[in-house]
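Q: Quick one: structure below, then a few questions.
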Amino acid sequence: MKTKEELIDDLLQLAFSEDIGDGDHTTLSTIPAEAMGKSKLLVKESGIISGVDMALKVFKKLDPTIKTEVFIKDGSEVQPGDIVFISEGPIRSLLMAERTMLNIMQRMSGVATMTKKYQDRLKGLKTKVLDTRKTTPGMRIMEKEAVKTGGGENHRIGLFDMILIKDNHIDFAGGIENAVARAKDYCVKNGKDLKIEVEARTLDDVRKLSEMDAVDRIMFDNFTPEMTKEAVGIVAGRKETESSGGITIDNLREYGETGVDYISVGALTHSVKGLDMSFKAL
């Protein structure tokens, strides 16, 4: 399995391949090879900045001679007119790196900004907002990093680092008991130390799962706030609890006040507008 750094490197290689191809012919035809210059990353919209570290990776991969002075770190609140960093180096390299760097930073900053908006609604509560696997293909590592930057927490990264038994697994396996027993047996036989989370569709499901030692977390799927509060009471702290489905920014606080540990929100990554910014010559 590839490491986080290897996945990021693969994404950057693909991004450069699709954007630069056999050459940035506009830049190559108008800018002398020896020309040096500076560009600033200018914020044009208020939000949370995320992706500075990724921007540095973009520059390093395209041209290690680019030098960058960072003024605002990931996780900081920004306003229009703020300068996040200034990069200096061959102008050709600055121009060729521009779009890939901006695409990543705008996307990550949008995710971080959205996450903070959600987590702020839960101020004073123990409940934490979680991301999901509803991410941009190829950008999952970056988007999940942006969720953390915005104050949220990551759910599983992929299908490999946690067992999440959902409704289809349960139905195909012939019931909750069968699905959980098989998952536990699989982990033992394959030497996997994985948390097991199971989706509950009813309060009866919650009661069953609360008694199963193999289960680490119970997901309340499409429960109302009233059902969620009752479910949290049934679990009584014996398992981690998570709410999912039908939860919006408007009813988020109501769910948090039930005492649930986590609320997973797909909108953190699948319904995000990038934060407006530009990379301008100095």
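The values are calculated or read from the model by the stated rules, or taken from the named source; none is laboratory data. Computed from a predicted model, the values in this text were never measured in an experiment. Reconstructed Cβ throughout: ideal geometry from the backbone, glycine too, with neighbour counts over all protein chains shown. Accessible surface is based on the protein model in full, side chains and every heavy atom, while ligands, DNA and RNA are left aside. Shrake-Rupley method; radii C 1.70, N 1.55, O 1.52, S 1.80 Å.
Q: Taking the range 13-54, which residues are among the aliphatic types (A, V, I, L, M) and farther than 19 Å from residue 277 by Cβ? Give the steps one after another, and end with the answer.
A: First pass over the range 13-54, keeping only residues among the aliphatic types (A, V, I, L, M): 14-15, 20, 28, 31, 33, 35-36, 41-43, 48-49, 52, 54.
14, 20, 28, 31, 33, 35, 36, listed by residue number.
Q: Can you spot a residue in the range 258-277 that is over 19 Å from residue 126 (Cα atoms), basic (Lys, Arg) and in contact with a Gly (Cβ under 8 Å, 6 or more places away or on another chain)?
A: Yes, the range 258-277 has at least one match.
Q: Let me ask another. How many of the residues in the range 233-269 are closer than 30 Å to residue 44 by Cβ and surrounded by 15 or more Cβ atoms within 10 Å (Cβ to Cβ)? Give the steps one after another, and end with the answer.
A: So in the range 233-269, the residues closer than 30 Å to residue 44 by Cβ come out as 248-250, 252, 265-269.
Checking which are surrounded by 15 or more Cβ atoms within 10 Å (Cβ to Cβ) leaves us with 252, 265-269.
Total meeting the criteria: 6.
Q: Before we move on, is residue 226 loosely packed, with under 14 Cβ neighbours inside 10 Å and without any contact (Cβ under 8 Å) to a residue 60 or more places away in the chain? Talk me through it step by step, then tell me what you get.
A: Details: loosely packed, with under 14 Cβ neighbours inside 10 Å: yes; without any contact (Cβ under 8 Å) to a residue 60 or more places away in the chain: yes.
For residue 226, the condition - loosely packed, with under 14 Cβ neighbours inside 10 Å and without any contact (Cβ under 8 Å) to a residue 60 or more places away in the chain - is met.
Q: Of all residues in the range 123-143, which are open to solvent by less than 90 Å² (accessible area, probe 1.4 Å) and in a loop (DSSP other than H, G, I, E, B)?
A: If the condition is that a residue be open to solvent by less than 90 Å² (accessible area, probe 1.4 Å) and in a loop (DSSP other than H, G, I, E, B), then 124, 125, 127, 131, 132, 135, 136, 138, 139 are the ones that fit.
Q: Sticking with this structure for a sec: Report yes if some residue within the range 50-68 is open to solvent by less than 20 Å² (accessible area, probe 1.4 Å), at positive phi and in contact (Cβ under 8 Å) with a residue 40 or more places away in the chain; otherwise report no.
A: yes
Q: Ok, one more. Among what's in the range 144-183 and is among the basic types (Lys, Arg) and assigned to a helix (DSSP H, G or I), pick the residue that is most open to solvent (accessible area, probe 1.4 Å).
A: Step one: filter the range 144-183 for residues among the basic types (Lys, Arg), giving 144, 148, 156, 166, 182.
Now drop any that are not assigned to a helix (DSSP H, G or I), which leaves 144, 148, 182.
On the way: 144: 3, 148: 103, 182: 143 Å².
Step by step, filter the range 144-183, then rank; the result is 182.
Q: Kindly evaluate residue 193 against the criterion of being of a type in the set (Asp, Glu) and under 30 Å from residue 7 (Cα atoms). Steps first, please.
A: Values: of a type in the set (Asp, Glu): yes; under 30 Å from residue 7 (Cα atoms): yes.
In short, yes.
Q: Looking only at the range 165-189, how many residues end up being more than 20 Å from residue 244 (Cα to Cα), out of contact with any strand residue (DSSP E or B) (no Cβ under 9 Å at 6 or more places or on another chain) and of a type outside the set (D, E, K, R)?
A: Within the range 165-189, residues that are more than 20 Å from residue 244 (Cα to Cα), out of contact with any strand residue (DSSP E or B) (no Cβ under 9 Å at 6 or more places or on another chain) and of a type outside the set (D, E, K, R) number 6.
Q: Now, a different point. Could you name every one of the strands (runs of 3 or more DSSP E) located completely within the range 195-282 that has at least 3 residues being closer than 19 Å to residue 133 by Cα and not hydrophobic (A, V, I, L, M, F, W, C)? Steps first, please.
A: Details: elements: 196-200, 217-221, 240-244, 262-264, 277-281.
Here the list reads 240-244.
Q: Additional query: The conditions are (1) free of Cβ contacts under 8 Å to residues at least 60 places away in the same chain; (2) closer than 19 Å to residue 67 by Cα; (3) open to solvent by less than 70 Å² (accessible area, probe 1.4 Å), and residue 36 fails exactly one of them. Which is it?
A: Against the list (1) free of Cβ contacts under 8 Å to residues at least 60 places away in the same chain; (2) closer than 19 Å to residue 67 by Cα; (3) open to solvent by less than 70 Å² (accessible area, probe 1.4 Å), residue 36 comes up short only on (3).
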